[in-house]
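Student: Pasting a structure below so you can have a look.
The values are calculated or read from the model by the stated rules, or taken from the named source; none is laboratory data. Small disclaimer: the values here were computed from a predicted structure and weren't measured. Cβ sites come from the backbone with ideal geometry, for glycine too, and all protein chains shown count toward neighbours. What goes into the accessible areas is simple: the full protein's heavy atoms, side chains included, and nothing from ligands, DNA or RNA. Shrake-Rupley method; radii C 1.70, N 1.55, O 1.52, S 1.80 Å.
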Amino acid sequence: MKYVRHKFVKGEAMKTKLAIPDAASLILSLRSVGYTLETAIADIVDNSITAKATEICIDVKWNNDFSYISICDNGFGMNEEDLHQAMKIGSKNPMDQRGHDDLGRFGMGLKTAAFSLCKRLTVGSKLAGTESMSVRVWDIDNIVDSNRWELFDGSATLAWQDASKRLINYNQGTIVVMEKLDRFITENYSDQAIGRFWQRIAEMEKHLSMVFHRFLSGAQAIRIFINGKRVEPWDPFMRQSLATQEFREEYVECNGRNIRIHAFILPHHSKMSISEFDEAGGINGWMEQQGFYVYRNKRLIVPGTWFKMLRKNEPSQLARIQLDLTADMDFEWKIDVKKSSAAPPSILRENIRRIARIAQEASRKVYYFRGAVINQKTRDEDNEAIWEQAIIRGRMFFRLNRDHALLKEVCSELSDGSAKKLSAYMKMVEGFAPMNVSLTGPVSSESDHAEELVNSAVKFCYDLIEVGYSSSEALSKVLQISIYEGMSDVIKSKLKL
Ligand SMILES: Nc1ncnc2c1ncn2[C@@H]1O[C@H](COP(=O)(O)OP(=O)(O)O)[C@@H](O)[C@H]1O
Ligand SMILES: [Mg+2]
């Protein structure tokens, strides 16, 4: 639905009064939009990628009060006028159409990301074929003192002199320098604090290798360096591993545009070395990193989510699904200024939920049975499955497939007595199988089939008694089975022993 602007009623005379935001208070509140070091640096790197940079050098210098972080690229740069415009808060209209590979949106990223870490932001830029560099500086101390949006057109700080050398070596490009890092360096200058500073830089490196992994590999790979060390791509889908299974790509349509979805099931841990397993777990660990990976113009914005539709749980942790959005879908998907969250439009929810369920199921199969093949099966292959699954009292329960061809053949050759013994034994295998006993979390108390469940427990007791167990042995075995948890009184009362 589109909203229309209200028109004045004819003859109604209204005047407008200017209400200009107070520079000092606005700039201070913009510092707290919720960026972290990682998301702030990634947002600045976005601008370099949009400017077609092939090399981005991030330099981090520790020097007590004079520490700085700089990001220098060899992209197409800006002239003085464009740079001046780029430094304004809200330099672009979010409603403007963006290029298909533009990673920006709100015209805020550069400034809000920088101010969430520092009080002084200097940007220098130069175009190809020009010797001179244009410079603009925001200094929050100055904005607060003067309460005016005043930009400096040059800088003479030691940090700037040191950092800007990088851009001098490039034919074209842009450098962003952040000084007075009051929001990043919040501790004293003890050895431990310095250690933590470098620890966070190492975490930032991992974040960049994750969110930009699709730019960091392939023939046209962009090179990102942190203090001279190249950032390597981290592929969430372990495509280089032969044991990774992939579903066919799928396209879901939304308002005339296609969203590409590609699900992967990562290998069972027995197929990986310990270091591969740790590495594939990613920054947040296996549990957290399952689900949809939302990319906007190839840049990862959400590393693993089920969009609050399904829970993250251990057996589904091998499922990771690539979901590709383009910049013209920002509003439908509620992309935020920090580009760190997204939510599917309601018309897509059912489709997304269906894909999520299939992937979770496939992950469970591989998780419990190393090497299970999840690709679509033919009818005949269905009867080859050893296990089948059922949801009982909110928990996944695995049963032996009674239609397995070999099992059927064996049963047909057995006497009645032996067939009963085998059946009782199979029920115990199911009841005590590690994947059925190791399920954690409460079984749901309400069940539509409670009566049926109690009857099955009672029948199981009788079966065990028939093949030679004493009644107390039979009862105690049955009561140990997880799906009958909390039902012992009803079961006992129904058993006529
Ligand atoms: N590294 C860069 N190279 C070239 N242009 C840049 C660079 N960084 C920022 N800009 C310009 O500044 C503008 C504002 O950037 P930003 O505040 O991040 O907002 P957005 O990326 O949403 O447009 C960009 O649209 C771009 O025109
Ligand atoms: Mg930007």
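Student: Could you check the spin-label model distance between residue 97 and residue 246? Points 7 Å from the Cα along Cα→Cβ, value in nm.
Tutor: Here the answer is 3.2 nm between the modelled labels.
Student: Compute the long axis of helix 191-211 from its Cα atoms, compare it with the longest principal axis of the Cα atoms of the chain, and write down the angle in degrees, 0 to 90, nearest 10.
Tutor: Between the helix axis and the principal axis of the chain, the angle is about 70 degrees.
Student: Compute the Cα gyration tensor for the chain, then decide on rounded, prolate or oblate, letting a ≥ b ≥ c be the square roots of its eigenvalues: rounded whenever a/c is under 1.5, prolate when a/b is larger than b/c in the other cases, and oblate in all that remain.
Tutor: Details: a/c = 2.66, a/b = 2.29, b/c = 1.16.
Cα axes put the chain in the prolate bin.
Student: On to the next question. At a threshold of 8 angstrom on Cα-Cα distance, excluding pairs fewer than six apart, so keeping six or more, what relative contact order does the chain reach in percent?
Tutor: Relative contact order for the chain comes out at 11 percent.
Student: Amide H to amide H under 5 Å from residue 302: which residues, 5+ apart in sequence or cross-chain, H placed 1.01 Å off N in plane?
Tutor: For residue 302, whose amide H was placed from the backbone, the distant partners under 5 Å are 294.
Student: Looking at region 114-185, which GluC sites (Glu not before Pro) are in a loop (DSSP not H, G, I, E or B) and have at most 11 other Cβ atoms within 10 Å?
Tutor: When the GluC sites (Glu not before Pro) of region 114-185 are filtered for loop state and at most 11 Cβ neighbours within 10 Å, 131 remain.
Student: Explain nothing, just the number: relative contact order of region 245-368, from Cα pairs under 8 Å at least 6 residues apart, as a whole percent.
Tutor: Values: 205 pairs, mean separation 33.3, N = 124.
Once divided by the residue count of region 245-368, the mean separation gives 27 percent.
Student: Mind putting a number on the dipole of the chain about its Cα centre? Charges go on the C-beta only, +1 for Lys and Arg and -1 for Asp and Glu, and I need it in Debye to the nearest 20.
Tutor: Rounded to the nearest 20 debye, it is 960 debye.
Student: Still on this structure, please answer the following. I want the local charge near residue 289. Using Cβ-Cβ distances under 13 Å, sum +1 for each Lys or Arg and -1 for each Asp or Glu among the other residues.
Tutor: Counting the neighbours of residue 289, the net charge comes to -2.
Student: Within a Cβ distance under 14 Å of residue 220, other residues only, what is the Lys/Arg minus Asp/Glu net charge?
Tutor: Summing Lys and Arg as +1 and Asp and Glu as -1 gives +2.
Student: Return the percentage of antiparallel bridges among DSSP beta bridges fully within region 245-368, rounded to the nearest 5 %.
Tutor: Counting only bridges with both partners in region 245-368, antiparallel ones make up about 75 percent.
Student: May I ask you to give the percent of accessible area on the chain that is carbon plus sulfur, with a probe radius of 1.4 Å?
Tutor: Whole-percent figure for carbon plus sulfur exposure: 52.
Student: Are there any chymotrypsin sites (Phe, Trp or Tyr not before Pro) in region 140-219 that are in a DSSP loop and have at most 15 other Cβ atoms within 10 Å? List them by number.
Tutor: Counting only loop positions with at most 15 other Cβ atoms within 10 Å, the chymotrypsin sites (Phe, Trp or Tyr not before Pro) in region 140-219 are 149, 189.
Student: Along the charge dipole of the chain, which of 185, 358, 108 sits closest to the positive end, that is, farthest toward it, with unit charges on the beta carbon of Lys, Arg, Asp and Glu (+1, +1, -1, -1)?
Tutor: 108
Student: Run lengths n ≥ 4 of DSSP H only: what is the helix-derived mean residue ellipticity at 222 nm for the chain, with -39500 (n - 2.57) per run over all residues, to the nearest 500?
Tutor: -10000 deg cm²/dmol
Student: Please name which of 66, 79, 50 has its Cα lying farthest along the dipole of region 42-100 towards the positive end, using unit charges on Cβ (Lys, Arg +1; Asp, Glu -1) and the Cα centre as origin.
Tutor: So the residue furthest toward the plus end is 50.
Student: Of 122, 144, 417, which is farthest along the charge dipole of the chain in the positive direction, counting Lys and Arg as +1 and Asp and Glu as -1 at C-beta?
Tutor: 144
Student: Let me ask something else. Determine, for each peptide in 351-360, 240-249, the mean count of other beta carbons within 10 angstrom over its residues, then list the peptides with the highest first.
Tutor: 351-360, 240-249
Student: Could you work out how far the C-alpha centroid of region 248-275 sits from that of region 66-99, in angstrom?
Tutor: After rounding, the separation between the Cα centres reads 34 Å.
Student: Need one word for region 23-230: rounded, prolate or oblate. Basis is the Cα gyration tensor (sqrt eigenvalues a ≥ b ≥ c); a/c below 1.5 gives rounded, then a/b vs b/c decides. Kindly include the intermediate steps, with their values, before the conclusion.
Tutor: Values: a/c = 1.32, a/b = 1.05, b/c = 1.25.
Rounded is the answer for region 23-230, as its axis ratio a/c remains below 1.5.
Student: A further question follows. With a cut-off of at most 12 other beta carbons within 10 Å, and DSSP calling the residue loop, which trypsin sites (Lys or Arg not before Pro) in region 94-187 qualify? Please list them.
Tutor: Filter output for region 94-187: 148.
Student: Relative contact order for region 23-230 using alpha-carbon pairs under 8 Å, separation at least 6, rounded to a whole percent?
Tutor: Dividing the mean separation by the residue count of region 23-230 yields 30 percent.
Student: Enter the accessible area per residue of the chain (Å², integer; probe 1.4 Å; all protein chains in place).
Tutor: 54 Å²
Student: Take peptides 112-118, 62-68 and line them up by average Cβ neighbours within 10 Å, highest first, as a rough protection proxy.
Tutor: 112-118, 62-68
Student: Can I ask one more? Could you work out the local net charge near residue 68, counting Lys and Arg as +1, Asp and Glu as -1, over the other residues with Cβ closer than 11 Å to its Cβ?
Tutor: -1
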